[in-house]
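For reference, the structure discussed in these notes is given below.
The values are calculated or read from the model by the stated rules, or taken from the named source; none is laboratory data. No experiment lies behind these values; they were computed from the predicted model shown. Note that we place each Cβ from the backbone using ideal geometry, even for glycine, and neighbour counts take in every protein chain shown. Ligands, DNA and RNA are excluded from the accessible area calculation, which covers all protein heavy atoms including side chains. Shrake-Rupley method; radii C 1.70, N 1.55, O 1.52, S 1.80 Å.
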Amino acid sequence: MVKPVKKFSLKAEEMKTRENADSHLKMVFGITDSNQLTLDSIYMEIMSLKGQVTIVLDDASEVVENLGRFGLGLIKLFRDAASESDNIDFQW
């Protein structure tokens, strides 16, 4: 029996500013924390997801262009999570 895959689609156009990125990430991943997200808090949320997970980022270069170091950090975070967990696939 094949396990269903949860797919999380991140849209670069929804992450033009740090505040927009925060809102978009919270909406996509269902994060209810009212504080601004940190890379550590996002990583903990990603690693706590159950089952097979695919995270798709539609335009990594736009995310980096819009968010600078935070955008680079996000991409590294998703890549690290995928390499550390057999249940996470990151496509970009």
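Numbers for the structure displayed
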{"item": "Count of Lys pairs (Cα-Cα under 16 Å; at least 8 positions apart or interchain) in the chain", "result": "7"}
{"item": "Unit charges on C-beta of K, R, D, E only; dipole of the chain, Debye", "result": "220 debye"}
{"item": "Karplus-derived 3J(HN,Hα), 6.51/-1.76/1.60, for each residue of region 75-81, Hz, glycine and proline x", "result": "4, 4, 4, 5, 5, 4, 4"}
{"item": "K16 long-range amide H proximity, modeled H, under 5 Å", "result": "A21"}
{"item": "Under 5 Å, built H, 5+ apart or other chain: amide partners of Q52", "result": "K6"}
{"item": "P(r), alpha carbons of the chain - 5 Å bins starting at zero, rounded %", "result": "3, 14, 27, 27, 18, 8, 2, 1, 0"}
{"item": "0 to 90° range, to nearest 10: angle between helix 18-29 axis and the chain longest Cα axis", "result": "20 degrees"}
{"item": "Residue-level accessible surface for T54, protein heavy atoms, 1.4 Å, Å²", "result": "20 Å²"}
{"item": "Length-normalised contact order for the chain - Cα pairs under 8 Å, 6+ apart - percent", "result": "36 percent"}
{"item": "Calculated from backbone phi, Karplus (6.51, -1.76, 1.60) coupling profile of region 44-56 in Hz, x at Gly/Pro", "result": "4, 5, 4, 5, 8, 5, 9, x, 6, 10, 10, 10, 10"}
